[in-house]
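Data block below; observations after.
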Amino acid sequence: MDHEKPAACVLDASTYVGFWILKGLLNRGSETDIVKKIKEMERVEERLSVFSVDTLDYHSILVALKGCSALFCCLDCPDSYDDLIVDLEVRGAINVVEACAQTDSMQKIVFTSSLTAAIWRENICSQTDVDERCWSDQDFCRKMKLWYALAKTLSEQAAWALATDRMLNMVSVNAGLVVGPAVAQQNPCSTISYLKGAAEMFENGVLAVVDVKFLADVHIRAFEDSSTIGRYFCFNQIVHTEEEAVKLVETLSPLLSSQPKYECQGSEAYAERLRTKKLNKLVEGTA
């Protein structure tokens, strides 16, 4: 915690994205074992306090949030996603937002979500623009067993509903597939879960990736900029060619040991389906 400036909480800093947000806040480096590194940082970094939090334990969240003015909420299951994990992640999101409502010093929540909370529905190829107004169809996700997408959709919607009811200042960052240093080793389950349906995402121009350092910077900008509002799609690149798909597989090796077979339908105009107008304004400082 920084005792001179407003304190910020990163929950869960042991996740891949959460750790990089923490590093961005402290302006530090290195990407070795996450939990071990956090403990090492706590020993040498006077501004940092580490709490053990269970998002299903409401009171443990309250303790961690005491005195904080900002929360960076990065909920990710360390294991593979299934229908049971969906429910746990939603309950965790509700507990976190409610704890923020009970923290008098809280000024803003930056909630990490996913593009998969916006892109999945029947006949997505018929939609010209996919932007922050879009939500994935829950029934479609259940039918196709897209548990990661369903977890991100329902948890973000629950967070928004409660934040609105409690009149909390919240923004969400809907990230593409996160890539970065040692991502295959440190974030394997979320990566594989995100990529379920990758061929369909690719063919419909909605398979997008984001560098974790850029993603962390966007989170911090979203907190620091008082004009930010609503949802923000966040990605660096849309994967829309066979060559780019092969490079992505190589980046995620050894998680993806073989190159997927893509049958591209239509033209590369699909690559223009995702919109980042709000993100561009935020990065340019005109949000």
Original post:
Cα-based Rg (one decimal) and Dmax (whole number) for segment 92-196, in Å?
Top reply: 15.1, 46
Original post:
Do the alpha carbons of any pairs in K247/K278; K23/K278; K213/K247; K213/K277 sit beyond 22 Å of each other, and which pairs?
Top reply: K247/K278; K23/K278
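To one decimal place, what orientation-averaged projected area in nm² is obtained for the convex hull of the Cα set of segment 134-214?
Working: hull surface 25.9 nm².
Average projection, Cα convex hull of segment 134-214: 6.5 nm².
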Original post:
In nm, to one decimal, how far is the modelled label at V283 from the one at K213, with both set 7 Å along Cα→Cβ?
Top reply: 1.4
**OP:** Note the full-extension length gain between D87 and M167 as 0.36 nm times their separation in residues minus their Cα-Cα distance, in nm to one decimal.
**Re:** 26.4 nm
Subject >> Cα-based convex hull volume of segment 51-136 per residue, rounded to whole Å³ >> reply: 110
Original post:
To the nearest 0.05, what FRET efficiency results for L56 and E243 with a Förster distance of 35 Å applied to their C-beta separation?
Top reply: 0.20
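Every number in this text was worked out from the coordinates using simple rules, so none of it is lab data. Since the structure is predicted, the reported quantities are computational estimates derived from the model, not experimental observations. Backbone-built Cβ (ideal geometry, glycine too); neighbour counts: all protein chains shown.
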